[in-house]
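What follows is calculated from the coordinates using simple rules that are stated; it is not laboratory data. Remember, it's a predicted structure, so these values are computed and weren't measured experimentally.
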Amino acid sequence: MQVSILCKNIDETENLAKRFAKLVKNKGAFVCLYGDVGAGKTAFTKYVCKYLGVKEKVTSPSFVILNEYKTGEIPVYHFDLYRLEKEGISTIINELEEYSEGKILTFVEWAEFSQNALPFERIDININYIDDNKREFIFTPVGDNNIEIINGLKYENTCF
């Protein structure tokens, strides 16, 4: 099961993130983000954090590997695996597993560097760059725990 949503501009992307935040705030989720540089992984994360009430400035964790935001409705952890690439992921895989449990929201950018070692129960989001304004978001639940979240997006498969 997948849900594909086309956002025609940044306002629609923000609206999609708002809907996603509403769906995850009561149970949390482990989210793997896939997409080329500039696709919108960090932008989507920033908007979700905004609608969860995060007060800290949300930035890309490219150079620090992990940013933590604890001022919102639920704790948000934002990983970036790009700099770890294939060899470095083994150094934090146990830590990543800890961030997949409980009522927290964990985003992992560049999840393709995980060598399929990430927690089984998660949401994969592929963000496809269409043009300067348009993005296609493909939401896929991995495991059964997140089907309800994906179904919540399915019934409104537009961004506006």
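Observations
- The 3J(HN,Hα) values that the Karplus relation (6.51, -1.76, 1.60; θ = phi - 60°) gives for the range 99-106 are, in residue order, 7, 9, 10, x, 7, 9, 10, 10 Hz. Gly and Pro appear as x.
- Amide H contacts of Glu109 (H built 1.01 Å from N, under 5 Å, at least 5 apart or other chain): Leu33, Phe79, Asp80, Leu81
- Sorted largest first, the principal axis extents computed over the alpha-carbon atoms of the chain equal 41, 33, 32 Å.
- 0 to 90° range, to nearest 10: angle between helix 41-51 axis and the chain longest Cα axis: 70 degrees
- Flagged links, alpha-carbon separation over 19 Å, of Lys55/Lys134; Lys50/Lys134; Lys25/Lys46: Lys55/Lys134; Lys50/Lys134
- Long-range HN-HN contacts of Val142 with modeled amide H, under 5 Å: Arg122, Ile123, Asp124
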